[in-house]
Amino acid sequence: MGYIMDLRKIVGSRPLVMVGANVIILDSNNRILLQLRTDNHSWGLPGGSMEIGENLEDVAKRELKEETGLTANHLSLFNIFSGDEFYYKYPHGDEVYNVVATYICTDYKGRLQKDTEEVKELKFFSFKELPSKISPPDFPIVSLFIDTFSKKEC
């Protein structure tokens, strides 16, 4: 998070508009990959903020690789999220209004390998067995995806 960290040196913890991307990874059993985050001890999607010069798909691919060890062969845009629902205050006090491009990935390679600084655990979950504590900025995204996916399955 070089760009955001540089901004934080100037503005402190005041709210920023933070643009980023995350990835919904599905395995062959249609289970979703979540990571247990080290900062808020909640489960969430692999993802993070955009650096200068990146496009949103690059952000998604970079963050996926950094946080999970997986390489996306193909990403499909699911949705772009923003607004009051995506305000978040980090445990250390920094405030953001997230603008998030969420991608779906079912075509990937590699083996799971967590980023030890940001991730405590990586695990695939069936939709019916999701953990109760999902990271607040990811909760509405995961909920909408499951609702959308479930309707397609009917």
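The values are calculated or read from the model by the stated rules, or taken from the named source; none is laboratory data. All of these numbers come straight from a predicted model, not from anything done at the bench. As a convention, Cβ positions derive from the backbone with ideal geometry for all residues, glycine included, and neighbour counts pool all protein chains shown.
Is it the case, given these coordinates, that Leu64 is in contact with a helix residue (DSSP H, G or I) (Cβ under 8 Å, 6 or more places away or on another chain) and either under 13 Å from Ile24 (Cα atoms) or without any contact (Cβ under 8 Å) to a residue 24 or more places away in the chain (or both)?
No, not satisfied.
Would you pick out the residues in the stretch 67-96 that are closer than 19 Å to Tyr3 by Cα, surrounded by 17 or more Cβ atoms within 10 Å (Cβ to Cβ) and within 15 Å of the chain's Cα centre (by Cα)?
Selection gives Glu67, Tyr88, Val96.
Just need a number here: residues in the stretch 1-44 that are closer than 22 Å to Thr68 by Cβ, of a type in the set (A, V, I, L, M) and at pLDDT 95 or above.
11
Under the condition of being of a type in the set (D, E, K, R) and in a helix (DSSP H, G or I), which residue from the stretch 1-22 is surrounded by the most Cβ atoms within 10 Å (Cβ to Cβ)?
Among them, the one singled out is Arg8.
Restricting to the stretch 51-66, give me the number of residues that are surrounded by 15 or more Cβ atoms within 10 Å (Cβ to Cβ) and small (Gly, Ala, Ser).
Qualifying residue count for the region: 1.
Please go through the stretch 52-78 and pick out each residue that is within 23 Å of Leu36 (Cα to Cα) and not in a helix (DSSP H, G or I).
Those that are within 23 Å of Leu36 (Cα to Cα) and not in a helix (DSSP H, G or I): Gly69, Leu70, Thr71, Ala72, Leu75, Phe78.
Condition test on Gly48, is it surrounded by fewer than 18 Cβ atoms within 10 Å (Cβ to Cβ), under 17 Å from Asp138 (Cβ atoms) and at pLDDT 95 or above?
no
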